[in-house]
Amino acid sequence: MAKEVLIPKTVIVQEAVFDFSGLYKDMKAWFDQKLYNFHELRNEQKESARGTELEIEWAGEREIDNYFKFKIVILIMGSDIDKLQAEEGSIVYQGNLKIFIEGTLIMDYKDKFKDEKFTEFLGKIYNDVIMIKKRKNYEIRLSEEIAELKKLIREHLQLYQ
């Protein structure tokens with residue numbers, strides 16, 4: 001049975017003017033470059049008196065080998081969003097953004113150890129004893145990829161701190 005190890009969630013908060021289509025393009029290019037399968041899970045917008053509220057969820061998955069898989073989920077929540085025309089003619093947005101990035105290391109994603117109690121027991125030993133060093137290395141690698149993605153988003157949103 002697949003076992004998941006969650007990487008601590010990271011959050012980016014911004015209240016400013018931003019180029020959302022550029023952000024989408026940059027993030028999609030990052031997932032493509034890293035060979036993730038990219039999916040938009042949700043894209044909801046609703047109008048309010050204060051501006052547009054939005055909730056967008058993206059996920060990327062990449063098989064590392066026959067046993068391990070990386071998954072990164074991005075949740076973008078926006079409030080008080082207004083569309084603006086930039087000086088050079090492009091469309092930008094102003095408002096409040098919260099971007100949550102969460103990573104998951106998935107082990108036994110092909111469910112090799114799921115059929116019976118004994119095979120589940122063997123899977124637990126395999127995950128917690130035999131593959132522990134490899135699992136720790138992949139946890140570090142996924143954390144590094146999340147940090148890289150966070151840096152890309154912060155640079156795009158001009159948050160250099």
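For Lys9, the criteria (1) of a type in the set (D, E, K, R); (2) crowded, with 17+ Cβ neighbours inside 10 Å; (3) under 30 Å from Phe113 (Cβ atoms) hold in every case but one, which is (2).
Listed conditions (1) within 24 Å of Gln14 (Cα to Cα); (2) outside any helix (DSSP H, G or I) are all met by Lys71, apart from (1). Checking region 96-113 against the condition returns no match, with no residue being assigned to a strand (DSSP E or B), out of contact with any Asp or Glu (no Cβ under 7 Å at 6 or more places or on another chain) and farther than 22 Å from Lys9 by Cβ. Residues of region 20-73 that are crowded, with 17+ Cβ neighbours inside 10 Å, in contact (Cβ under 8 Å) with a residue 60 or more places away in the chain and closer than 19 Å to Arg154 by Cα: Phe20, Leu23, Met27, Trp30, Ile72. Yes or no: Leu84 in a strand (DSSP E or B), of a type in the set (A, V, I, L, M, F, W, C) and under 18 Å from the mean Cα position of the chain (by Cα)? So Leu84 fails the test. The residues of region 1-48 that are among the small types (Gly, Ala, Ser) and either within 17 Å of Lys151 (Cβ to Cβ) or part of a loop (DSSP other than H, G, I, E, B) (or both), listed by number, are Ala2, Gly22, Ala29.
The numbers here are math on the coordinates, done by the rules we state, and not lab data. All values reported here derive from a predicted model rather than from experimental measurement. Cβ sites come from the backbone with ideal geometry, for glycine too, and all protein chains shown count toward neighbours.
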